[in-house]
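Contents: one structure, followed by commentary.
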Amino acid sequence: MLNLKHTFLLQRKNILTIFLAAAFIWSLFAVTWSEDLVHSGGLATIKQVLVALIHPNLSQEIIQLAIESTWITLAYAVCGMTLAIVIAFFLGIFASGILHEHKGSKLISKGIFRGILGFLRAIHELVWALIFVAIFGLSPLSAILALGIPYGGILGRIFADMLNDVPKEPIQALRSSGASKLQCLLYGYFPLVRANIISYTMYRFECAIRSSAIMSFVGLGGLGFQIQLSLNDLKYDEVWTFLFFLIGIVVLVDSCSVHIRKGMHEAKKGFTFVTFFSLLTIVLMVLSWGFIFIFEQASLKDLLSEKNAYYAQKFFAGLFGIGGVEQPAFLSSESWKEALKLTYETLRMSVMAIGFSTIAMFLTVIPAARNIADGSLTLIRKWYYWLLFGFVRMLYIFSRAIPELVWAMIIVFILKPGILPGAIALALHNFGILGKLCAEVIEDLDERPVRNLASSGASKSQILLYAVLPAVMPQFLMYILYRWEVIMRTTIVVGFVGAGGLGQQFKMSLSFFHYTDVTLLLLCYCILVFIADFISEAARKAAK
Amino acid sequence: MLTSSTNIIEVKNLTKNYERKIALSSLSFSIKKGELVAIIGPSGAGKTTLLNTFATIIKPDDGFLTIAGTPSEKLTNRKALAKKIGLIRQQFDLVGQLPVIHNVLAGRLADWGLFKSLLSLIFPQEKQAAQKALERVGLADKIKDQTAKLSGGEQQRVALARLLLQKPEIILADEPVASLDPARAEDILSMLTKLVKEENQTLITSLHSVDYARKYFTRIMAIKDGQIFFDLPVDEVSDELLSDLYLLKERSDNAES
């Protein structure tokens, strides 16, 4: 018995891997695999899309439109992030519990505020957007709130974690020199977490740009809107032009954050990149908010008008089924059955999606690591390694810069609606992210055991099996599970464009004003997200 | 038992247990104002526990502790406590990401309100006091440097400058030179003891090195297994006593294993 337990503990990583692989295979049965999955003109469409990729529309008119839309997308992302930072700052501090002296009140504060943050981020930004549009109408502030709230939840949680993880000694020293809790925040906690929080915020800003682009779904202008218009007109060459602009700003922000991280570690005096960046941030924030209030005519007063109060009341009354003629959907067992079926389908879609991206990641990740490309890890050098490295890394950037929703919009032109296009769209976006994260794991690998093996005559595949794979597997598993959690949240969104699951039904119910259905679907969605968080957390613990 | 007002610390039957292990076993002694006390003894003897009890970070299980005339359990106001007791540790005491000046000025936080503390991060307040303290520890030119970029010895001097602004009556130093090389360790210890004398403070330090204890302190207290092994003025500490302190430890180690 003890022996069995020992074997189990020893093998738990392998057991987990087998379990995850089995889950993926199970998810594949959700699709009836046949030629019927593809639209009759699907293959021709693929060809057209690919041809357009090489020949994007670079006419002056389109480029100008693209620049304007890029600015709109960027401005909304900046405003959303400003709001998110404010939310994260206050809620994060309370959620870390560091302001509380006593264990009891600390636990209560932590519990309540972590719960709030969890709720804010559990719901996808587009779902927030749909809710705000239903309440406030198509105001620019609806989009900003929709961006700021979930990102505030994500940032706040990380901020709280970072505050909890600061080294205790400097704080204790400050306390002993008579600093109050708030003074400790200013002189201890904030300086200690500053570098980390800035680089994480930059990473999230990159995500916010993508989210801002897909706010087109609630009628916001910008890159997503143009992509949607061009797609409807089947003008794939224009679609690619806009996508290249989107990729462009994502790459720009990414390289900016790399510089920032370097700059903050070096801590030079005088005018540095960090100073420049701080000024740039302030200028961007002022310009963006100015743009929203002056050109887009956002108005706080309109937001809180009586008319909106009426709509809000009607909307929420609708959600809770008050005053409706029919029986609320969340009280009908028939509707529950239907919704749970969709939930189950959505779950399988998410598993399939992470499975696809994992496979694609494994096929490409080896040449994507810098230390393999330059031969420093395996001591094997080939002329084409750098070529492969560049190609795969470009593929990663390309895949992750394009939001899932846009991938889904393109794919529904090729595949018939269902959960397969949704899974593929999610997989395409996450493939780039997973690939980048995992390639970095290989780059951070301890070189000594690998070199030792290489010098004792192991071939490349032997090195991979005996030295690289065992060392990187736990990290890979962590990232895969983490991305699965994110995918779970996003499944609802790809459904909006007809890629199946809960999202498709959600969008339909909202369009037909079946508000109690919306409530039911949101409930199922939240359950799903919390289950995913729970499973992934448990599995990550097992992988440690 | 002495009850004279010159006793800045009085300890009676002080006891502290961790799980089954006895960390401090009914200690009684007193320390006079202006004394330089070195606490020595083998690792795990209870030196740090004793210092943390003085700092009121650890609550004793039993016994009395009086600091500057006040029973320790009544010292709950941190700002008031900071005026009585200042701490210095072997490292990690400072916020590395802040410039040196703010780490020094943190010694004034006990007297500053929140607004002044916030303002000071942008426009340093009482800059001259900080400047003067840094001059006294020989770091005047590093006032704007990022603290993490300083060497270990320099960081410890920044911690000393902070204490100069804090002006506590008693300074507790927990292995203040453990992570420094011998030259720097002597540098810090001579500076610490010099400053303490100039400021007319009381110093209680835990140390690994017997040589340093003999060179810089007026009184040596040896602790072993949570008990006082000897407590003597520095010129009465003999080599035999010292070798007993560490020799006995090895014997008991053997007995345990």
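Checked against (1) among the hydrophobic types (A, V, I, L, M, F, W, C); (2) surrounded by fewer than 17 Cβ atoms within 10 Å (Cβ to Cβ); (3) under 19 Å from residue B:174 (Cα atoms), residue B:64 meets all criteria but (3).
For the stretch A:491-501, does any single residue satisfy the condition of being surrounded by fewer than 23 Cβ atoms within 10 Å (Cβ to Cβ) and β-branched (Val, Ile, Thr)? No, there is no match, as no residue in the stretch A:491-501 is surrounded by fewer than 23 Cβ atoms within 10 Å (Cβ to Cβ) and β-branched (Val, Ile, Thr).
For residue B:45, the criteria (1) within 14 Å of chain A (Cβ to nearest Cβ); (2) small (Gly, Ala, Ser); (3) buried (at least 20 other Cβ atoms within 10 Å of the Cβ) hold in every case but one, which is (1).
Applying the set (1) in a helix (DSSP H, G or I); (2) touching a His at 6+ places or on another chain (Cβ under 7 Å) to residue B:157 leaves exactly one unmet item: (2). The set of residues in the stretch A:188-203 that are in contact with a Leu (Cβ under 6 Å, 6 or more places away or on another chain) and either away from chain B (no Cβ under 11 Å) or farther than 21 Å from residue A:106 by Cβ (or both) contains only A:191. Checked against (1) surrounded by fewer than 22 Cβ atoms within 10 Å (Cβ to Cβ); (2) more than 9 Å from every other protein chain (Cβ to nearest Cβ), residue A:159 passes all but a single condition, namely (1). Return yes when residue A:150 is within 14 Å of chain B (Cβ to nearest Cβ) and not charged (D, E, K, R) and no when it is not. Answer is no for this residue.
Within the stretch B:112-128, one or more residues are in contact with a Ser or Thr (Cβ under 8 Å, 6 or more places away or on another chain), outside any loop (DSSP other than H, G, I, E, B) and either closer than 18 Å to residue A:192 by Cβ or aliphatic (A, V, I, L, M) (or both). The set of residues from the stretch B:70-112 being of a type in the set (Val, Ile, Thr) and either closer than 17 Å to residue B:147 by Cβ or more than 9 Å from every other protein chain (Cβ to nearest Cβ) (or both) comprises B:70, B:76, B:88, B:95, B:100, B:101, B:104.
Screening residue B:57 against (1) in contact (Cβ under 8 Å) with a residue 40 or more places away in the chain; (2) more than 18 Å from residue B:220 (Cα to Cα); (3) aliphatic (A, V, I, L, M) leaves a single unmet condition, (1).
Is it the case, given these coordinates, that residue B:157 is buried (at least 23 other Cβ atoms within 10 Å of the Cβ) and under 28 Å from residue B:54 (Cβ atoms)? Yes: the conditions hold for residue B:157. Might you let me know whether the stretch B:28-41 holds any residue that is more than 21 Å from residue B:157 (Cα to Cα) and within 14 Å of chain A (Cβ to nearest Cβ)? Scanning the stretch B:28-41 turns up no residue that is more than 21 Å from residue B:157 (Cα to Cα) and within 14 Å of chain A (Cβ to nearest Cβ). The single condition among (1) buried (at least 18 other Cβ atoms within 10 Å of the Cβ); (2) in contact with a Lys or Arg (Cβ under 7 Å, 6 or more places away or on another chain); (3) free of Cβ contacts under 8 Å to residues at least 60 places away in the same chain that residue B:24 does not meet is (3). Taken together, B:173, B:161, B:178, B:148 contain a single residue that is small (Gly, Ala, Ser), within 14 Å of chain A (Cβ to nearest Cβ) and more than 15 Å from the chain's Cα centre (by Cα), which is B:148. Of the residues contained in the stretch A:19-42, one or more are found to be of a type in the set (Asp, Glu), surrounded by fewer than 12 Cβ atoms within 10 Å (Cβ to Cβ), free of Cβ contacts under 8 Å to residues at least 40 places away in the same chain and more than 28 Å from residue A:251 (Cβ to Cβ). Residue A:220 meets the stated requirement of being more than 14 Å from chain B (Cβ to nearest Cβ) and within 22 Å of the chain's Cα centre (by Cα). Select, from B:136, B:184, the only residue that is more than 18 Å from residue B:97 (Cα to Cα) and in contact with a helix residue (DSSP H, G or I) (Cβ under 6 Å, 6 or more places away or on another chain). Criteria check complete, one pass: B:184. Of note, residue B:195 satisfies the criterion of being closer than 17 Å to residue B:159 by Cα, in a helix (DSSP H, G or I) and either at pLDDT 85 or above or of a type in the set (Gly, Ala, Ser) (or both).
Selection of helices (runs of 4 or more DSSP H) fully inside the stretch A:255-327 by the criterion of at least 3 residues being at pLDDT below 80 and surrounded by fewer than 16 Cβ atoms within 10 Å (Cβ to Cβ) returns A:300-303, A:306-319.
Any residue at all in the stretch A:168-183 that's crowded, with 21+ Cβ neighbours inside 10 Å, away from chain B (no Cβ under 11 Å) and touching a Ser or Thr at 6+ places or on another chain (Cβ under 7 Å)? Looking through the stretch A:168-183, none of the residues is crowded, with 21+ Cβ neighbours inside 10 Å, away from chain B (no Cβ under 11 Å) and touching a Ser or Thr at 6+ places or on another chain (Cβ under 7 Å).
The listed residues are A:80, A:115, and the only one of them that is surrounded by fewer than 21 Cβ atoms within 10 Å (Cβ to Cβ) and not basic (Lys, Arg) turns out to be A:115.
The values are calculated or read from the model by the stated rules, or taken from the named source; none is laboratory data. Model, not experiment: these values are computed from the prediction. Positions of Cβ are backbone-derived with ideal geometry, glycine not excepted, and every protein chain shown enters the neighbour counts.
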